[in-house]
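Engineer: To start, I am sharing the structure in question, which I have written as structure tokens.
The values are calculated or read from the model by the stated rules, or taken from the named source; none is laboratory data. Quick caveat, the model's predicted, so the values are computed rather than measured. FYI the Cβ positions are ideal-geometry reconstructions off the backbone, even for glycines, and counts take in every protein chain you see. These accessible areas exclude ligands, DNA and RNA; they are computed on the full protein's heavy atoms, side chains included. Shrake-Rupley method; radii C 1.70, N 1.55, O 1.52, S 1.80 Å.
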Amino acid sequence: MTVAIDRATGKRRGDRAPRDGRFRRSYQKYWYAYAMIAPVAIVLGVLVLYPLVYGLYLTLTDANSLNTARTIGVNHIDATYKFIGLDNYKDILFGPTSYDRFWSHFIWTIVWTALCVALHYTIGLGLALLLNQKLRGRTFYRLILVLPWAVPTFVTVFGWRFMLADGGIINTALDALHLPSPAWLEDTFWQRFAAIMVNTWCGVPFMMVSLLGGLQSIDASLYEAAEMDGATAWQRFRYVTLPGLRSVSSTVVLLGIIWTFNQFAVIFLLFGNTAPDAQILVTWAYYLGFGQQPRDFAQSAAYGILLLAILIVFTSFYRRWLSRGDQQLAI
């Protein structure tokens, strides 16, 4: 076997350059790009990576508001919490109060996420199909339907809170119609119903706009060909519209699940700490860390790590399922 040798360098052709040499050349060539992303990387490290690592450390301790370092006046009290390993996770998942403190909220969070995302997608798709038609005043309708998304969330939720109060406009209208007026903000069932209703109001515009963009990207000739072949409206929707929206739908559904699973603002602003059975995991974690005395920082951080783990596992399985479906369609 012959080996070609570069006469200038004395190195055999095909030999790989040392890794540090490749990095050096890459830095010399793309130093401007590295300089541009360095501030972003530093900010992300400070705002995301450090809190995540520190929160992970807190989950392995018994830190609370009584044993952490604090300053009272001119006196500084040192931290006295200690390392306890995985005891927080054991207590949350398998402790004597694990169902009331974790599993009941976990089940409700799954139900909340599934119902909200299903309503977001179904109503958003229906409105997108409607706005994709040639209607008079279509631009005005789009503007009106996007308003719930454009208005800040806290304004929307506080508006709904006033309307759902005992003397609010909704119960007043129901009384005028001689219909029962639910205790929207007091009864557990109606608290959950109200939370889903308000979150649906806030989340539908995003789905509608995203799916409307997907509908407009579908080639109109596909509909014409299907109509010439005698396909009904349902068949055109099933075999043309839905496959054409597959890539957009998979993305917006994944984003909707992640956002809804971690939807803090709607639950907290609507009920505060007054509805323990309507709290999802993220608001319950906040309650443990900041809404009770003593504040349990370690358990609250452990809930945060569990939330992150759940979403990572779900996302990996979701992407794998989508890629498997794409492979089957390709075959």
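Engineer: Take the Cβ-Cβ distance between Leu147 and Ile170 as r, set R0 to 22 Å, and report the resulting FRET efficiency rounded to the nearest 0.05. Walk me through the numbers on the way to the answer.
Structural biologist: Values: r = 19 Å, r/R0 = 0.87.
Computed FRET efficiency for Leu147 and Ile170 comes out at 0.70.
Engineer: Run the helix sum for the chain: -39,500 (n - 2.57) per DSSP H stretch of 4+ residues, divided by residue count, reported at 222 nm to the nearest 500 deg cm²/dmol. If you can, show how the numbers build up before the last one.
Structural biologist: Details: 14 runs with 213 residues, N = 331.
Mean residue ellipticity, 222 nm, calculated: -21000 deg cm²/dmol.
Engineer: Another question about this same structure. Can you tell me which of 44-52, 289-297 comes out highest on packing, and rank the rest after it, using the mean Cβ neighbours within 10 Å? Can you show the working numbers first?
Structural biologist: On the way: 44-52: 11.2, 289-297: 15.7.
Output ranking for 44-52, 289-297: 289-297, 44-52.
Engineer: Now for a separate question. Over region 164-228, calculate the relative contact order: mean separation of alpha carbon pairs under 8 Å at least 6 apart, over the residue count, as a percent. Don't skip to the end; give the middle numbers.
Structural biologist: Working: 24 pairs, mean separation 10.9, N = 65.
With pairs under 8 Å counted, the relative contact order is 17 percent.
Engineer: Let me ask something else about it. Mind giving me the FRET efficiency for Thr139 and Glu186? R0 is 30 Å, r the Cβ-Cβ distance, nearest 0.05 is fine. Walk me through the intermediate numbers first.
Structural biologist: Details: r = 42 Å, r/R0 = 1.39.
Efficiency, rounded to the nearest 0.05: 0.10.
Engineer: For the chain, calculate the relative contact order in percent as a whole number, restricting contacts to Cα pairs under 8 Å that are 6 or more residues apart. Intermediate results must be reported in sequence, preceding the final value.
Structural biologist: Numbers: 298 pairs, mean separation 74.8, N = 331.
In percent, rounded to a whole number, it is 23.
Engineer: Taking a label point 7 Å from the Cα of Ala309 along the Cα→Cβ vector, which residues of region 57-82 have an amide N closer than 19 Å to it?
Structural biologist: Under 19 Å, as judged by backbone N against the label point of Ala309, lie 57-63 of region 57-82.
Engineer: Another question about this same structure. Using only Cα atoms, what is the ratio of the radius of gyration of region 100-239 to 2.2 N^0.38 Å? Walk me through the numbers before you get to the answer.
Structural biologist: On the way: Rg = 19.4 Å, N = 140, 2.2 N^0.38 = 14.4 Å.
Normalised by 2.2 N^0.38 Å, the Cα Rg of region 100-239 equals 1.35.
Engineer: Over the chain, one equal point on each Cα, no solvent: what is log10 I(q)/I(0) by the Debye formula at q = 0.14 Å⁻¹?
Structural biologist: Once normalised to I(0) and log-transformed, intensities are -1.24.
Engineer: Moving to a separate point now. Take each of the peptides 198-208, 236-246, 256-266, average the number of other beta-carbon atoms within 10 Å over its residues, and list them starting from the highest. Working shown, then result.
Structural biologist: Values: 198-208: 22.9, 236-246: 15.6, 256-266: 19.1.
For the peptides 198-208, 236-246, 256-266, the packing ranking is 198-208, 256-266, 236-246.
Engineer: Distance from a point 7 Å along Cα→Cβ of Ile107 to each backbone N in region 258-296: keep the residues under 16 Å and list them by number.
Structural biologist: Counting only backbone N, you get 277-281.
Engineer: Could you calculate the contour length gain from Ala79 to Gln235, that is, 0.36 nm times the residue separation minus the distance between their Cα atoms, to one decimal place in nm? Can you show the working numbers first?
Structural biologist: Working: separation 156, 0.36 × 156 = 56.16 nm, distance 6.66 nm.
Taking Ala79 through Gln235 to full extension adds about 49.5 nm, to one decimal.
Engineer: For Thr274, Thr97, give me the order by solvent-accessible area with a 1.4 Å probe, most accessible first, ignoring ligands, DNA and RNA. Write down the numbers at each step before the final one.
Structural biologist: Details: Thr274 100, Thr97 60 Å².
Descending order: Thr274, Thr97.
Engineer: Can you tell me the order of 212-218, 163-169, 318-324 when each peptide is scored by its average per-residue count of other Cβ atoms within 10 angstrom, highest first?
Structural biologist: Working: 212-218: 15.7, 163-169: 14.0, 318-324: 12.1.
By packing density, highest mean first, the sequence is 212-218, 163-169, 318-324.
Engineer: Could you calculate the FRET efficiency of His178 with Leu242 from 1/(1 + (r/R0)^6), where r is the beta carbon distance between them and R0 is 41 Å, rounded to 0.05? It would help to have the intermediate numbers written out before the result.
Structural biologist: Values: r = 43 Å, r/R0 = 1.05.
Once the sixth-power term is evaluated, E becomes 0.45.
Engineer: Still on this structure, I have one more. Measuring from centroid to centroid over Cα atoms, what is the spacing of region 37-65 and region 136-195 in Å?
Structural biologist: Computed from Cα coordinates, the inter-centre distance equals 38 Å.
Engineer: If amide H atoms are built 1.01 Å from N in the plane of the peptide, which residues on other chains or at least 5 residues away come under 5 Å of the amide H of Thr61?
Structural biologist: Hits under the 5 Å cutoff: Ile84.
Engineer: To continue, here is another question. Please list 3J(HN,Hα) in residue order for region 278-294, calculated via the Karplus relation 6.51 cos²θ - 1.76 cosθ + 1.60 where θ = phi - 60°; whole Hz, with x for glycine and proline.
Structural biologist: Coupling constants for region 278-294: 9, 6, 8, 4, 5, 6, 5, 4, 5, 4, 5, x, 9, x, 9, 10, x Hz.
Engineer: I would also like to ask the following. Using 0.36 nm per residue, how much length does the chain from Asp100 to Phe158 gain when fully extended, once their Cα-Cα distance is taken away? Kindly include the intermediate steps, with their values, before the conclusion.
Structural biologist: Details: separation 58, 0.36 × 58 = 20.88 nm, distance 2.84 nm.
Extra length available between Asp100 and Phe158 comes to 18.0 nm.
Engineer: Using only the alpha-carbon atoms of region 178-271, report the extent along each of the three principal axes, biggest first, to the nearest angstrom.
Structural biologist: Rounded to whole Å, the extents work out to 56, 35, 15 Å.
Engineer: What is the extension gain from Met197 to Gln292, computed as 0.36 nm multiplied by their sequence separation minus the C-alpha to C-alpha distance, in nm to one decimal?
Structural biologist: On the way: separation 95, 0.36 × 95 = 34.20 nm, distance 2.79 nm.
Length gained between Met197 and Gln292: 31.4 nm.
Engineer: To the nearest µm²/s, what D does Stokes-Einstein give for region 227-331 at 10 °C and 1.306 mPa s, using the Kirkwood radius over alpha carbon pairs as Rh? Intermediate results must be reported in sequence, preceding the final value.
Structural biologist: Working: Rh = 17.0 Å.
Calculated translational D: 93 µm²/s.
Engineer: Okay, moving on. Of the accessible area of region 57-168, with the probe set at 1.4 angstrom, what percent is carbon plus sulfur? Display every interim value, and only then the final one.
Structural biologist: Values: 4760 of 7000 Å².
Reported share for carbon and sulfur atoms: 68 percent.
Engineer: Can you list the HN-Hα couplings for region 56-65, worked out from phi with the Karplus curve (6.51, -1.76, 1.60; θ = phi - 60°), rounded to whole Hz and with x for Gly and Pro?
Structural biologist: Listing the rounded values in order: 4, 5, 4, 5, 9, 10, 10, 5, 8, 6 Hz.
Engineer: Could I ask something else about it? Which of Gly124, Gly95, Gly137 moves the most in a Gaussian network model of the chain with Cα springs under 10 Å?
Structural biologist: Most flexible of the set in this elastic network: Gly137.
Engineer: Using the heavy atoms of the protein chains alone and a 1.4 angstrom probe, what is the accessible area of the chain per residue in square angstrom?
Structural biologist: Values: 21240 Å² over 331 residues.
Per residue, the chain has an accessible area of 64 Å².
Engineer: Here is a further query. Under a point spin-label approximation (7 Å from Cα along Cα-to-Cβ), what is the Leu66-Leu44 distance to one decimal in nm?
Structural biologist: 4.1 nm
Engineer: Can you give me the relative contact order of region 227-331 as a percent, contacts being Cα pairs under 8 Å and 6 or more apart? Don't skip to the end; give the middle numbers.
Structural biologist: Details: 43 pairs, mean separation 18.8, N = 105.
Relative CO of region 227-331 lands at 18 percent.
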